[in-house]
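Colleague: Okay, handing you the structure first.
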Amino acid sequence: METVLAGTGGCTAYDVVMILRRGRHQVEGCSVRLTSERAEKDPKVFTKIHMHFKVTGRAIPELAVERAIALSHETYCSASIMLAKTAEITTSYELVDSARTTSG
């Protein structure tokens with residue numbers, strides 16, 4: 001089951017990056033952290049899944065990130081759409097503007 005969850009995270013993160021890049025946004029990275037709850041009785045399906053995205057790039061509008069996550073979950077990511085049949089899926093995100101970060 002952990003592999004199913006990890007695959008879903010990878011699928012939706014890939015979608016988010018591709019959607020943002022198609023919108024000509026400068027995406028440099030995207031990671032997703034998943035937490036979940038499962039039913040107590042067999043087959044112990046997922047009942048709740050939360051996906052927290054961390055998107056890094058240059059001057060990416062928050063609205064674009066929100067739209068990319070929504071499109072992934074509503075249209076493109078068949079894994080999360082399938083899991084949504086039994087689980088309540090919620091999302092959150094943080095946006096890191098790499099132009100504002102400094103090193104050294």
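Readers should treat all values here as calculations from the given coordinates under stated rules, not as data from a laboratory. Nothing here was measured: the structure is a model prediction, and the numbers come from that model. Don't worry about glycine lacking a Cβ; one is built from the backbone with ideal geometry, like all the others, and counts go over all protein chains shown.
Colleague: Modelled label-to-label distance, SER98 and GLU74, 7 Å Cα→beta-carbon offset: nm?
Modeller: About 2.9 nm, to one decimal.
Colleague: For VAL96, list long-range residues whose amide hydrogen, built 1.01 Å from N in the peptide plane, is under 5 Å from its own amide hydrogen.
Modeller: Excluding prolines and chain starts, which carry no amide H, the hits are VAL55, THR56, GLY57.
Colleague: Grab the Cα-Cα distance for ALA39 and LEU63, subtract it from 0.36 nm times how many residues apart they are, and report the gain in nm with one decimal.
Modeller: Working: separation 24, 0.36 × 24 = 8.64 nm, distance 3.38 nm.
Working it through step by step, the gained length comes to 5.3 nm.
Colleague: Hey, what do the phi angles of the stretch 74-90 turn into as Karplus ³J(HN,Hα) couplings, whole Hz, using 6.51/-1.76/1.60 and θ = phi - 60°, x for Gly and Pro?
Modeller: Calculated HN-Hα couplings, in order: 9, 10, 9, 7, 5, 5, 6, 5, 5, 5, 5, 5, 10, 10, 7, 9, 10 Hz.
Colleague: In addition: Per DSSP H run of at least 4 residues, take -39500 (n - 2.57); add these up for the chain, divide by its residues and hand me the 222 nm value, nearest 500 deg cm²/dmol.
Modeller: Values: 3 runs with 37 residues, N = 104.
Helix-only estimate at 222 nm: -11000 deg cm²/dmol.
Colleague: So for the chain, Kirkwood radius off the Cα pairs, Stokes-Einstein at 4 °C and 1.567 mPa s: how many µm² s⁻¹?
Modeller: Using the Kirkwood radius from Cα pairs, D works out to 91 µm²/s.
Colleague: In debye, nearest 20: dipole of the chain around its Cα centre with unit charges on the Cβ of K, R (+) and D, E (-)?
Modeller: It comes to approximately 200 debye.
Colleague: Would you calculate the separation in nanometres between label points at LYS85 and HIS52, each defined as 7 Å from the Cα along the Cα-to-beta-carbon direction?
Modeller: Between LYS85 and HIS52, the simple spin-label model gives 3.0 nm.
Colleague: Further question on the same structure: Considering only THR86, LEU71, ALA59, whose Cα is most displaced toward the positive end of the charge dipole of the chain, charges sitting on Cβ of Lys, Arg (+1) and Asp, Glu (-1)?
Modeller: Value computed over the given set: ALA59.
Colleague: Need one number: % antiparallel among DSSP beta bridges in the stretch 2-97, to the nearest 5. List each step's numbers first, then the result.
Modeller: On the way: 12 of 22 bridges.
Around 55 percent antiparallel, to the nearest 5.
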